[in-house]
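Working notes, structure below.
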Amino acid sequence: MKKSFLFLLTALVFGCVAASGQYVSNPYPRTISVTGTAEQELVPDEIYVQVELKEYEQKGAAKMPLETIRRQFLSTVRALGIPDSLVSIASYDGYNGNDWWEDRKRRNEVLLASVTYRLKLRSSTQLNALADRLDPKGTHNFQVAQVSHSRITELRRALKIAAVKAAREKAQYLAEAAGATIGDIVTINENSDGANGPIWMQPNMMSNTVLKSGGGGAEDATDFQKIKLKFEVAAVFALK
């Protein structure tokens, strides 16, 4: 009986030791969670424009052929210093032999071909110069399709780094207010990425970083709405 009791006691002790060996303690029992943001406004220096050229009828004469309109347009573009590498054809609408065209031909309707060019400009000054020199009769449509910035990838990276630094700064002064200091970073989560609408500063955002507009803007580009970038991260720091 005594031997059986000693055996059970020994097994119980070894079982407790084994169980304690499997327990994993939390390496960060005390943490602080914060967010950090960084934002910036950019003046676009990449302006993508679409220009649709179309044949038109001339009073008392044959219609103006698309080839003539197209050649005049490309000559104007080159005269403004816009290289051919920044000009491409977005679409072409002509006598393609489909049923719609054939039906109009049978009714002796005038068929007008068109072509749409896509250009990459660098400023509103260049855009205005192009608009002033376009043939009003041969230009059927003219619009800004997209704006961007030549350094947007680089600036996005810088903003993400600034957002992380802002989160660390906020965690530091909040921890100090509670009589503690921050230690290792536990987690970082990226909450937003990309261009945003107008950003309104709130009182609880005063600890975050706001980068001034920079990065080389386009000359005389105040007509364009600025590109607004905003990035936010959620970070958890250990407390010491």
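Key figures for this structure:
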item	result
Search result, residues across the stretch 17-35 that are exposed (fewer than 10 other Cβ atoms within 10 Å of the Cβ) and at pLDDT 80 or above	Pro27, Pro29
Residue list for the stretch 41-66, restricted to those being under 15 Å from Gln146 (Cβ atoms) and not β-branched (Val, Ile, Thr)	Leu42, Pro44, Asp45, Glu46, Tyr48, Gln50
The stretch 73-85 residues that are over 22 Å from His140 (Cβ atoms) and part of a helix (DSSP H, G or I), paired with ones that are basic (Lys, Arg) and at pLDDT 95 or above (beta carbon under 6 Å, 6 or more apart)	none
Close pairs (9 angstrom Cβ cut-off, 6 or more residues apart or separate chains): closer than 25 Å to Ala90 by Cα and in contact (Cβ under 8 Å) with a residue 24 or more places away in the chain in the stretch 145-162, hydroxyl-bearing (Ser, Thr, Tyr) and surrounded by fewer than 18 Cβ atoms within 10 Å (Cβ to Cβ) anywhere	Ala145/Tyr48; Gln146/Tyr48; Val147/Tyr48; Ser148/Tyr48
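The values are calculated or read from the model by the stated rules, or taken from the named source; none is laboratory data. Being a predicted model, the structure only gives us computed values, none of them experimental. Virtual Cβ from ideal backbone geometry, glycine too; neighbours counted across all protein chains shown.
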